[in-house]
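First the structure, in the form of structure tokens, and then the observations on it.
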Amino acid sequence: MADSGWLSTKGVAERLGVTSRTVYRFIDEGDLPAYKFGRVIRVKTADVDVFLEACRVDPGSLRHLYPPDSDTSSGDGDGREGGGGTSVCRSDWSSY
């Protein structure tokens, strides 16, 4: 199926380095668009590319993973930055 513009869920999983179950979760939660043809689910390679770009980690966004340091404490008490949204990535598929 190379270069056809479509990937199987297994192909998506291999490309992302996750399990097929995780791919199904991304699809079910609306983070990754997919298409069902009979019993077969396929994902457009372009949609995987958009998903990957939306998952890009912004520099400085992982400070909550650093060891505690009194100079970098945000003072909010939860030890995390940003909101606690449920989406896997920053993607907004409604504008796609």
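The values are calculated or read from the model by the stated rules, or taken from the named source; none is laboratory data. Bear in mind the structure is a predicted one, so any value in this text is a computation, not a measurement. Cβ sites come from the backbone with ideal geometry, for glycine too, and all protein chains shown count toward neighbours.
At-a-glance table
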| read-out | value |
| --- | --- |
| Odd one out for Ser61, checked against (1) exposed (fewer than 14 other Cβ atoms within 10 Å of the Cβ); (2) not hydrophobic (A, V, I, L, M, F, W, C); (3) not in a loop (DSSP other than H, G, I, E, B) | (3) |
| Region 1-13, subset out of contact with any strand residue (DSSP E or B) (no Cβ under 7 Å at 6 or more places or on another chain) and surrounded by 14 or more Cβ atoms within 10 Å (Cβ to Cβ), residue farthest from Cys89 (Cα to Cα) | Gly11 |
| Residue that is in contact with a helix residue (DSSP H, G or I) (Cβ under 8 Å, 6 or more places away or on another chain), modelled with pLDDT of 95 or more and outside any helix (DSSP H, G or I), where the choices are Val18, Val12, Val43 | Val43 |
| Among the residues listed as Gly77, Gly83, the single one being of a type outside the set (Val, Ile, Thr), modelled with pLDDT under 90 and within 22 Å of Asp28 (Cβ to Cβ) | Gly83 |
